[in-house]
Amino acid sequence: MANDSITPPGKLLAPYLQLSDNGLEELNQHTRIHHLKKSRTAVRKGDKVAGAYIVTKGCLRVFTYMPNGSESTLYLIHPGETCVFAINCLFNQLLYPAWVTADTDTELAVIDGPAYKKLFERETDIQNLTIHALSTAVFRLMSEVEQLQGWTLNQRLANFLLNRASDNNVVSMTQQEIAGHLGSSREVIARALGELNKRQLIVSGRGKIFLSDTSGLASLLT
């Protein structure tokens, strides 16, 4: 990825990182800003990690492939968050173990690896960002494991829709995109959405799903 922004990185990261003057100068010198369109691949499995990735706008999706070839989301990276896999690769000299795509149009700051390590040694906000990434990833992955072990597909789908709906109860995603997040196929998701539609819990349209009964969806989880 090539740098495609003239805005100083420190200004874009200011809402999330409060660094010393020296730290800010080093950040500006060793950080590149990228703009990724929705669905564009940012990192592929086996890539050598160039640095620490911090989302400033939008959202990144970290996923892997299931044995049947379908995608399964591991976690999302929201504004102000960094990728725990990338951090682990930087500190342990490993190749990236998954794939990353832009879940929406996304702005991304990439801090060069050696610079990030130096900043981690002396900047409290970099230390906090790293620890937060580690702890958040553990809980998110634990949640995914619990769902895979104990929830039916309809329960996982209902939970996903509730978590991804906007404040007007709309999920703007295709069936294929939802299938990618849940590690299933589009055909299976289409049937599950059809069942929820028959129960009048949702209204499914082209590229959008309206949650007509959020309480009903939530009741499926208990």
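Here, each number is a calculation from the coordinates, and none is a lab measurement. Keep in mind the model is a prediction, meaning the values are calculated, not measured. All Cβ positions, even for glycine, are placed from backbone atoms using ideal geometry, and neighbour counts span all protein chains on display.
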Cα gyration tensor, region 94-222 - rounded (a/c under 1.5), prolate or oblate: prolate
Sequence order, region 158-175: Karplus ³J(HN,Hα) from phi using 6.51 cos²θ - 1.76 cosθ + 1.60, θ = phi - 60°, Hz rounded, Gly and Pro as x, gives 4, 5, 4, 4, 5, 6, 9, 6, 6, 6, 9, 6, 10, 10, 8, 8, 7, 4
Percent relative contact order of region 80-222, based on C-alpha pairs within less than 8 angstrom and at least six residues apart? 19 percent
Would you mind telling me which residue in 212, 39, 72 has the biggest mean-square fluctuation in a Gaussian network model of the chain, where springs connect alpha carbons within a distance under 10 angstrom? 212
Set of lysines with alpha-carbon distance to residue 198 below 18 Å, sequence-local pairs under 8 removed: 208
Extending each Cα 7 Å along its Cβ direction at residue 153 and residue 132, get the distance between those two points in nm, one decimal. 3.7 nm
Please compute the modelled spin-label separation between residue 203 and residue 28, points set 7 Å along Cα→Cβ, answer in nm with one decimal. 5.2 nm
Charge tally for neighbours of residue 102 with beta carbon under 9 Å away, counting Lys, Arg as +1 and Asp, Glu as -1, is +2
In Hz, Karplus ³J(HN,Hα) per residue of region 32-41 (6.51, -1.76, 1.60; θ = phi - 60°; x = Gly, Pro): 10, 10, 10, 10, 10, 6, 3, 6, 6, 7
Eight or more residues apart or on different chains, and alpha-carbon atoms under 27 Å: count the Lys pairs in region 1-138 matching that. 18
Of 163, 138, 16, whose Cα points farthest to the positive end of the dipole of the chain (charges on the beta-carbon: +1 Lys, Arg; -1 Asp, Glu; origin at the Cα centre)? 163
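Grab the other residues whose beta carbon is less than 10 angstrom from that of residue 65, score K and R as +1, D and E as -1, and report the net.
Values: positive: 45; negative: 71.
In short, 0.
Assign one of three labels to region 36-127, namely rounded, prolate or oblate, based on the Cα gyration tensor with a ≥ b ≥ c the square roots of its eigenvalues; rounded applies when a/c is under 1.5, prolate when it is not and a/b is larger than b/c, and oblate otherwise.
Details: a/c = 2.28, a/b = 1.44, b/c = 1.58.
Oblate.
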